[in-house]
Every structure is written in C-alpha cells, then in structure tokens.
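One structure is given below, encoded as structure tokens.
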Ligand SMILES: Nc1ncnc2c1ncn2[C@@H]1O[C@H](COP(=O)(O)OP(=O)(O)OP(=O)(O)O)[C@@H](O)[C@H]1O
C-alpha cells in the first residue's frame, strides 16, 4: 500500500519529471505539443546534425559577421553534458557512438511500477564529456570560442548536488576550471590594450565615462577590497603556468582601443540577492550586515541596483576577488556533498572597450553556479536547510519553465509568455533566457545507480534547453556611441558632423592619453623623489663621516701639540730649578771655604 503511494507520488511525465518537494504550482508542465515518440524521433532526426562535427557549429556561429547583432538567425543554447568520474560507474548510462547522445535505461529497480522511467531514453547534447575529459577540453569546447569571438555569453552549470558544477567552473588548486581559464584568456587577448585607470564603467547597465574624482574613488575602493583578498600570488603563478601549458591563447593585434575590465559577484540565497564584493563597515566593532539588492529592468536592460563592480588590471586580481566572494558564499554540508553551495551565484566579467573613434562596446561573460538540484528526502534536509532546498528547487523549476516557454516560442512566436519574473535567478539571466545573449549550459551528472532518478530530472531539463530555438536577435556585444556625439549628430550637416565627430574622437583619445600620461608622470615623479631622497641621504651621510674624521684628526693634532708644549714647559722649569740648585750649591761651597767670616760666625 505504502509502496503504491510512493510510486504514485514519483510518477513523472516523460518530459519533466516531478519533484515531490516542490509546490505543485511551481512544477513544470510537460510540453503538451510533444509526445514521447515525437521527442525521440526529433532527437533521432536531430542526431544526424548533432553527430556532425561540433566544431563546425562553432565556426558557423563564429562566422556570423563582424556586426554586433546576428540578424534573423535562429540560435539556441549550447547544452553540454559532463559525467563526473566515479569508482564504479552505472551501466544505465550509455553514450551513443556519435558521442552526442546519452542513452539511459532503467531496468534494475524491480520495485518500481513507474514504467515511464524504466524506458530507454535518448538525450542529445551539443557535446558529451565522459569522465576522462579534463578541464582543458571543457574550456576549449564550451567557453574559448565565445571569448575569441568577443561575444556576450551566460554559462550555467546545472546538476545535482555534488556532481561537479563548482569543480567545472572553478576547478581546484591544480586543475583550473573554466573561470580562471577565461580570465587568463581575456587578459592575454587584450594584453596590450588593458587600460590601467577606471575611466569607463557600466552604471545601471549604461556605459559612462567617469570624471577624474570618481575614477580616483573607484581606484580607492578597488585597493581596499584587494587588500582584504587572500594572497594568491604563488597559486596564481602555478595556475597560470598550467593554463598557458594547456592552451595557446593569442594576443589580439594592437588596435586603437582601450580595454577596461570589471568584475562583480552576486549570490541568490532564499530568493534574496546579495553582493559578495562589498567593503566591510568602517567601524571595526560594527557587524557586516548583508544588504538585499533589487534587480531592475529598465528599457530592456537588466541590472542589480547598487551592485559593487570592481575594476581589475590583471587575471590575478580578478581571481583574488572571486576567492573573496567565494569565502562569503553560503555553504553547508548535506548528505550528498560535504561542502555544498546553498545558493546560486553569478560571477560577471564585463569587458568595456573604448575605441578611438568614440565608440564604446561591451561584452559580458556571466558564469553561473546553480545550487544543486536535490531531492529533499535524499539530502536529509530539515529546518533552514529545508527552506534553502525548497527555494533552490523553486528557482530551478522556474528556470525550467522559462526554458520550456522559450522552447515553445518557436511555435507561438510570443516571448511575453516566458515567466522569467517568477524568480530572481531567471530575472537576472533573462537576456540569455530570451535569446538576446548566448547561453551555454554545462549539465553535470554523477553516473551512479542511486542518483538515477535525480539524473533523469536533470537530463529532461537539459533536453528542453537543447530544443530551444531563439528567434530573437542575438546581441554579440553592446555598442554605445559617446553621448556628446549623439547631441551633435542630430543638428549639424553631415560634413560638420563628421568633422565634429573627428574632433570629439581626438578630444577623447587625447583626454585618455593625458590621463595615462598623468598617471605615468605621477608614478615617475614618485620614483624620482624616492631616488633623490636616497641620493641626498647618501651624500649627507658621506659628508658627515668626512667631517667627523677631519675633526678627530684636528683634535689629535691639537692634543699632540699641547703635549709637546707641556713637555717643553716642564723641561724649562726643571732646568730653572736645576740652575737654582747649582747656584745654591756654589754658594754653600763658597761659604764652606777656610777664610770665610761667615763660617766663624756660624761656629760661635
Ligand atoms: N570531473 C571531476 N573530476 C574530479 N573531481 C571532481 C569532478 N567533478 C566533481 N569532482 C569532485 O567532487 C566533489 C563535489 O564537486 P562540486 O563541489 O563541484 O559539486 P557541486 O555540483 O558544485 O555540488 P553542490 O551543488 O552541492 O555545491 C568535489 O570534491 C570535486 O573536487
């Protein structure tokens, strides 16, 4: 009886299996227009293209012209599957010969009356990485091409708890994940163009040129925050060596462009958004209070109001900030993972480019580590852990519904139905979910029998994402023309406009140059002052030493002279007394002679 009830609860639709811990209202519904065999057929017919060389897919999208918008091109997310290495992998997961389709079969659970789950299922992916595939290949397939093409992209890691999402994104101290690799790639690509002062910034999703005092303030905040970061010099050097050993990143040829790179890091915990890169309060005894931030959507641009964005000048600085944010993330131990992320987190790298013709362009790379989707019963969750798990599952379900709705837009051509406002996560990632920016999803799975049910959930979720075809125009990078030009461009005639534009461009580039030179000069002056101080100190020290020596010599000479005078005086006094003694002796002798009167008198 009890078994029957459980199996009823666990009955799943073929497309989106239910999770009993989720509120019924938030459960995703199967796509009514699809039938199981339609899906299998679709996948099989798709598989011919899936089986074709995936590199060509990259080349195709990568070659979509130099324009920042890929017009009228239907694009869909890239969905990758990564299988975590385990000691004795389950035989229920088989990778097809073409390498892009995962075949699952479940005939082992004899007690299960759920025939749907016992069926063989085919899930197709852009690429499947089996447990032997290392971090290097994952990066080369999933992220590298996006960075070379300078495209905005959201990369999501999705999977059950402990399946390797964080490992894929961050890696460990030796096997760098995709974020450290992407940072190294970006800084190598723009090596010569990286600008050292924070002059351009994204403020509320708009690019603004900062005034000098604001730049100074930004640089100060950056210094203060970097001082709080753990020291990573040695570890970064090691990782850098490994990464450059694995890949041959190429520098972009020198262009008339200055590149400014900013990073931000947010956490979505229990449906609240927290900034992970805030400065602690000034007073030491004040407790750091986490402020919940608002996600704002203004004219189609999504941003987090008041989010700290930090200007970085090297991959090491970016990595240090990532580590700092990670230390502030909410982790807890669950039955499945001793160090399980209890929140979704998004690390964003914004690359802002100032072109000498006055144009500014921007690419954003969002790396999103989704908290593990999990079954409440299996993870042994109670109390606050239960609340966490429920809000994690809710937002993942909304994400599923968004993807599901997006996949149906190919039929309805109505993007409004996508319920991205139902969770903070989907609100934040809406550009990617609506198909405006590229979306890559790395689905991680632990191929063990005991996780079979959960893995089916994850795979079904992935299959929805894989079937999406966005009709939206894909924005490769956001362009803005420096606002002063725009004002001019609406008035004067075209020749004047061109001339003004040229002057403006020159003006801006000269201002930037002056800024750079000022910075260089301040540095040079500081160095010179230091050098001068040292020279002066050395000279004074040397002259003091010489003076001291001369004084000592003079003193010695004086003492010697005085000694000699003293000795001469003593000798003359001695001589004087000796003469007097001699005189007296002579007188005595004279007086002693026989005819002396004095003697007689003396006798008497
Ligand atoms: N491909 C892999 N190769 C080697 N080790 C791995 C791999 N994937 C995961 N691991 C190891 O498994 C453990 C759990 O991985 P990780 O913390 O990345 O899981 P997760 O999916 O982020 O979990 P959660 O959602 O609970 O945070 C880690 O110790 C990690 O080093």
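Computed from the coordinates by the stated procedures, all read-outs in this text should not be read as laboratory data. For clarity, every value in this text was computed on a predicted model and none was experimentally measured. Heads up, the Cβs are rebuilt from the backbone with ideal geometry, glycines too, and the neighbour counts pull from every protein chain shown.
Could you calculate the FRET efficiency of residue 567 with residue 536 from 1/(1 + (r/R0)^6), where r is the beta carbon distance between them and R0 is 60 Å, rounded to 0.05?
Between residue 567 and residue 536 the formula returns 0.80.
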| request: Normalise the Cα radius of gyration of the range 118-196 by 2.2 N^0.38 Å (N = residues in it) and let me know the number. | output: 1.31
| task | With a point put 7 Å past each Cα toward its Cβ, work out how far residue 96 is from residue 241 in nm, to one decimal. | result | 4.4
| Pair residue 328, residue 248: separation of 7 Å Cα→Cβ label points (nm) | 4.1
| said: What distance in nm lies between label points placed 7 Å from Cα along the C-beta direction at residue 529 and residue 217? | reply: 2.5
| task | Arrange 566, 187 by Cβ neighbour counts within 10 Å, fewest through most, would you? | result | 566, 187
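So between residue 579 and residue 593, what do we pick up on full extension, going 0.36 nm a residue minus the alpha carbon distance?
On the way: separation 14, 0.36 × 14 = 5.04 nm, distance 2.13 nm.
Result: 2.9 nm gained on full extension.
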